[in-house]
1. Taking the stretch 86-127 only, how many residues are within 25 Å of Pro68 (Cα to Cα) and charged (D, E, K, R)?
2. In the stretch 29-39, how many are open to solvent by 50 Å² or more (accessible area, probe 1.4 Å) and in a helix (DSSP H, G or I)?
3. Report, ordered by the first and then the second residue, all pairs with beta carbons closer than 7 Å, sequence separation of six or more or different chains, a first member in the stretch 52-67 that is under 15 Å from Val34 (Cα atoms), and a second member that is at pLDDT below 95 and in a loop (DSSP other than H, G, I, E, B).
4. Tell me whether the stretch 169-185 contains one or more residues that are crowded, with 16+ Cβ neighbours inside 10 Å, on the phi < 0 side of the Ramachandran plot and either at pLDDT 95 or above or not in a helix (DSSP H, G or I) (or both).
5. Considering the stretch 10-28 alone, what residues qualify as being more than 21 Å from Ile75 (Cα to Cα), open to solvent by less than 70 Å² (accessible area, probe 1.4 Å) and part of a helix (DSSP H, G or I)?
6. Look through Ala92, Ala87, Ala80 and report the one residue that is among the aliphatic types (A, V, I, L, M) and without any contact (Cβ under 8 Å) to a residue 12 or more places away in the chain.
Amino acid sequence: VLSFYNADEALEAIERYVEVLMERGAHGPAMSLVFHFSLDNFATEETLQSLINAHEYTLAQEFSRLRPALRRTTIELCIAQGEREHAGLRQAYKTTVEFELEDEYPKTRLAYYMSTIRRMIVKGQYEAALKRAGSEEELQEWVIRSLTEIGELGYAAEYAARCGLEYVCDQEELERALMERKETYL
């Protein structure tokens, strides 16, 4: 049983406990207390940065939902994190959509889709990558460029033709890539 002499003493104990939880990496329980008790001392950019550094993107979005002044900061921190990992870009895009900030962050969607396409191509999901690009020419070009970078010239040329885009590459290399593909799969 906990007992305190007054409300200020109880609040101080809760805040210390939240700090301990954050230091230990127990972000979920810590943020539950912050939300439940409306602990304004934790409504800071530092707390938000801590959540994002710990890859607690859902908590960061919830935090910014309750602290509207930090919504733009959430997006910017997620974009910065996205330079190192895909999940940051995914959360930046989700946050821009949820808070209707697409006009302020127009490149967030493009960066997220390009990252998604890159991941698909690395996994060998070329058709899925092209489908994700849809009819958006910049993303179609990204698919083709990504395929070229990993040496899949045959697929790059085929997809460029299907999308009605010009594809320029060394014809000998392209023919060699097509022959290798034909020998491998036929």
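1. Step one: list which residues in the stretch 86-127 are within 25 Å of Pro68 (Cα to Cα), which gives 86-112.
Subsequent filtering for residues that are charged (D, E, K, R) retains 90, 94, 98, 100, 102-104, 107, 109.
Selection size over the stretch 86-127: 9.
2. 5
3. The qualifying pairs are Arg67/Ala43.
4. Looking for residues that are crowded, with 16+ Cβ neighbours inside 10 Å, on the phi < 0 side of the Ramachandran plot and either at pLDDT 95 or above or not in a helix (DSSP H, G or I) (or both), one finds none in the stretch 169-185, hence no.
5. Ala10, Ala13, Ile14, Glu15, Val18, Val20, Leu21, Met22 - these are the residues of the stretch 10-28 that are more than 21 Å from Ile75 (Cα to Cα), open to solvent by less than 70 Å² (accessible area, probe 1.4 Å) and part of a helix (DSSP H, G or I).
6. Numbers: Ala92 fails: without any contact (Cβ under 8 Å) to a residue 12 or more places away in the chain; Ala87 fails: without any contact (Cβ under 8 Å) to a residue 12 or more places away in the chain.
Unique residue meeting the criteria: Ala80.
The values are calculated or read from the model by the stated rules, or taken from the named source; none is laboratory data. On a predicted model such as this, the values are computed, not experimentally measured, just so you know. Don't worry about glycine lacking a Cβ; one is built from the backbone with ideal geometry, like all the others, and counts go over all protein chains shown. Accessible surface is based on the protein model in full, side chains and every heavy atom, while ligands, DNA and RNA are left aside. Shrake-Rupley method; radii C 1.70, N 1.55, O 1.52, S 1.80 Å.
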